[in-house]
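Student: This is the structure I want to talk about, given as structure tokens.
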Amino acid sequence: MSEGLEQGAVRIVRRLTEAGYEAYMVGGCVRDKLLGRPVKDYDIATSARPEQVQDLFERTVPTGLRHGTVTVLLGGASYEVTTFRAEAEYEDYRRPTEVAYVDSLEEDLKRRDFTMNAMAIDAEGQLVDLFGGQRDLAKRQLRCVGKPEERFGEDALRMLRALRFAAEYGLTMEAMTWHGLLRSIPLLKHIAMERVRAELARMIEGSDPDEALRLLILSKALRYTKEGLALAAADAIGDWRELRRLEDAEARWAYLYLRTGLSSAETADDLRRLTCSRAFIDAVSRIAAAHEAMRAANQPDSAAETAQPEELRRSWLRAALRFGRPALRRLHGIYALDAACLAAAFGPHAGPLGAQLLQRGAAWLGEMPVTGMAELAVTGEDLLALPGMKPGPALGRLLGELLDKAALGAAPNEREPLLDEARRFLASMSNRENETT
Ligand code: ATP
Ligand code: MG
């Protein structure tokens, strides 16, 4: 696939060159090719203007005419072809929306952020490396094109990109670049939270999240975002080595907040500030809330001496009913990773309970006969047909009661046994009412 992708890019570059324009593959694809890493997409830079690009290729989409970008569709793939440009004026420490076309590749490469991102390859496969990108890659260092403080001042997002690239590519920060970054980091406050989120997500969900966090903490980047983040408190925690062992994004983010000692509400607030999707905020804060529920159900004073494995199983499954099994599976992954988080749920004296949970928790979830109301063998209508049952809050309570029994295995999830349970419950309710009146 990727070879075909590259061939398409070469064809586009040749076509432009044959038509008398200059054209190159540029940026990330050149970097990744030199590093022998898989290339996600090939970007092309050309002296041709967008209209000229549109004239030259059969299938194009005007995806970013304002930025000089035309998408060319070729062989089932798409390529961004962008006219050589400079970024005329930077306002408010962000990249401008207006661009100015320039005539030379050199001008175009000069505006790019890091030397490794500022290389090009022509139609003959010749590398154009005007700023020492290859040398820096050989030294495995990340370096700004031009003066770091100027470049970070033009567009503060570059600092987050720098941290991400350093972590993801295992590069050290060249000294001037690092010092420029440290001095410029307060400018991050000018960057929209969704752009901050996109970079943070790639760092946390990437291949070396612990290194990314180390750099985020060292640079104090988390303290200078436009909207304050509770996550900035992660500064106090030294080592995030285990983070990469968590497989999905939800678990990683939840671990970050949980270990920083932030509540589920604080977690949700932060993720909202970061403009994460609702589904994502929900999934992550459920993990945090499930942790809180476990903690509440297993407080040391009540749990340490009296709690039995059966009580533990019940509180675990009840949390699964409330917050969903995916949240509990992820929480289990976090507990398995970090004994301190497990201890936070059970208190320092609950070693055996914690060990139980680690051993059995995943199996308990797997064995749950029912995981939600929809799977219950009786419906609200069935219950309303019982004598003495009226619509209203009591119905919801009864359904909840039955779900609890079925999910915990105290009653089979079958119609008749559950209706029997319901009758017994109603009888005990009316007895209780009679006693109090
Ligand atoms: P990846 O796609 O893995 O994030 P990339 O380097 O391809 O890496 P893109 O955001 O796709 O990153 O940008 C393509 C190229 O545009 C970069 O290689 C770089 O040359 C340039 N570029 C992107 N963002 C900036 C920026 N904020 N400042 C300067 N140049 C940038
Ligand atoms: Mg890219």
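Student: Hey, how much of the P(r) for the chain falls beyond 29 Å, as a percent of Cα pairs?
Tutor: Value for the chain: 60 percent of Cα pairs lie more than 29 Å apart.
Student: Relative contact order for the chain using alpha-carbon pairs under 8 Å, separation at least 6, rounded to a whole percent?
Tutor: In percent, rounded to a whole number, it is 8.
Student: State, as an integer percentage, the relative contact order of the stretch 133-205 based on alpha-carbon contacts under 8 Å between residues 6 or more apart.
Tutor: Rounded, it is 38 percent for the stretch 133-205.
Student: Could you tell me which of rounded, prolate or oblate describes the stretch 91-163, using a ≥ b ≥ c as the square roots of the eigenvalues of the alpha-carbon gyration tensor, with rounded for a/c under 1.5 and, failing that, prolate when a/b is larger than b/c and oblate otherwise?
Tutor: Note, shape of the stretch 91-163 comes out oblate.
Student: Going from the alpha-carbon gyration tensor of the stretch 14-79, what semi-axes, largest first and in whole Å, does one get by taking the root of 5 times each eigenvalue? If you can, show how the numbers build up before the last one.
Tutor: Values: eigenvalues 89, 36, 26 Å².
So the three semi-axes of the stretch 14-79 are 21, 13, 11 Å.
Student: Once you wrap a convex hull around the alpha carbon atoms of the stretch 1-131, what is its projected area averaged over all directions, in nm²? If you can, show how the numbers build up before the last one.
Tutor: Numbers: hull surface 30.9 nm².
Hull-based average projected area comes out at 7.7 nm².
Student: How big is the antiparallel share of DSSP beta bridges in the chain, given as a percent to the nearest 5?
Tutor: Roughly 80 percent of the beta bridges in the chain run antiparallel, per DSSP.
Student: Per-residue ellipticity at 222 nm for the chain, helices alone: DSSP H runs ≥ 4 residues times -39500 (n - 2.57), over residue total, nearest 500 deg cm²/dmol? Display every interim value, and only then the final one.
Tutor: Numbers: 21 runs with 242 residues, N = 437.
Helix contribution divided over all residues of the chain: -17000 deg cm²/dmol.
Student: Quick one: net charge of ASP404's neighbours, Cβ under 11 Å, K/R +1, D/E -1? Kindly include the intermediate steps, with their values, before the conclusion.
Tutor: Details: positive: ARG314, ARG318, ARG322, ARG397, LYS405; negative: GLU401, GLU421.
It works out to a net charge of +3.
Student: For a quick check, take a GNM of the chain with Cα springs below 10 Å and name the residue from LEU399, LEU384, LEU408 with the largest mean-square fluctuation.
Tutor: It is LEU384.
Student: Right, something else. Going by the alpha-carbon gyration tensor, a ≥ b ≥ c the square roots of its eigenvalues, is the stretch 140-237 rounded (a/c under 1.5) or, if a/c is not under 1.5, prolate (a/b greater than b/c) versus oblate?
Tutor: Here the stretch 140-237 falls in the oblate category.
Student: Distance between Cα centroids, the stretch 62-86 to the stretch 378-437: provide it in whole Å.
Tutor: Between the Cα centre of the stretch 62-86 and that of the stretch 378-437, the gap is 63 Å.
Student: Give me Rg over Rh for the stretch 278-366, both radii from the alpha carbons and Rh done the Kirkwood way, two decimal places. Working shown, then result.
Tutor: Working: Rg = 12.0 Å, Rh = 12.7 Å.
Taking Rh as the inverse mean 1/r over Cα pairs, Rg/Rh reads 0.95.
Student: Here's a follow-up. To the nearest 0.05, how large is the calculated FRET efficiency for GLU367 and MET429 if R₀ is 30 Å and r is the Cβ-Cβ distance? Each step should come with its number before you reach the end.
Tutor: Details: r = 30 Å, r/R0 = 1.01.
The value I calculate is 0.50.
Student: While we're looking at this one, here's another question. Dipole size in debye (nearest 20) for the stretch 140-237 around its Cα centre, Lys and Arg Cβ +1, Asp and Glu Cβ -1?
Tutor: The dipole of the stretch 140-237 has a size of about 220 debye.
Student: Charges only on Cβ, +1 for Lys and Arg, -1 for Asp and Glu: so what's the dipole of the chain about the Cα centre, in debye to the nearest 20?
Tutor: On the way: 59 positive and 66 negative charges, 128 e Å.
Once rounded to the nearest 20, the dipole reads 620 debye.
Student: Once the Cα gyration tensor of the stretch 211-263 is found, what semi-axes does its equivalent ellipsoid get, as square roots of 5 times the eigenvalues, in whole Å, sorted largest first?
Tutor: Largest first, the stretch 211-263 gives 18, 13, 10 Å.
Student: Right, another one. Under 1.5 on a/c is rounded, so check that first for the stretch 373-435, then, if it is not, pick prolate when a/b is larger than b/c and oblate when it is not; a ≥ b ≥ c are the square roots of the alpha carbon gyration tensor eigenvalues.
Tutor: prolate
Student: Something else: So for the stretch 1-131: antiparallel DSSP bridges make up what percent, rounded to the nearest 5?
Tutor: If I count the DSSP bridges inside the stretch 1-131, around 85 percent turn out antiparallel.
Student: Anything in the chain that counts as a DSSP H helix reaching 20 Å or more along its axis (C-alpha) with Kyte-Doolittle mean of at least -1.0? List them, would you?
Tutor: Span-like helices here: 2-18, 278-297, 309-323, 351-367, 393-408.
Any read-out appearing in this document is the output of simple, stated calculations on the displayed coordinates, not a laboratory observation. Here the structure is a predicted model, which is why all the values come from computation and not from measurement. When we count neighbours, we look across all protein chains shown, and the Cβ atoms used for this are built from the backbone with ideal geometry, even at glycine.
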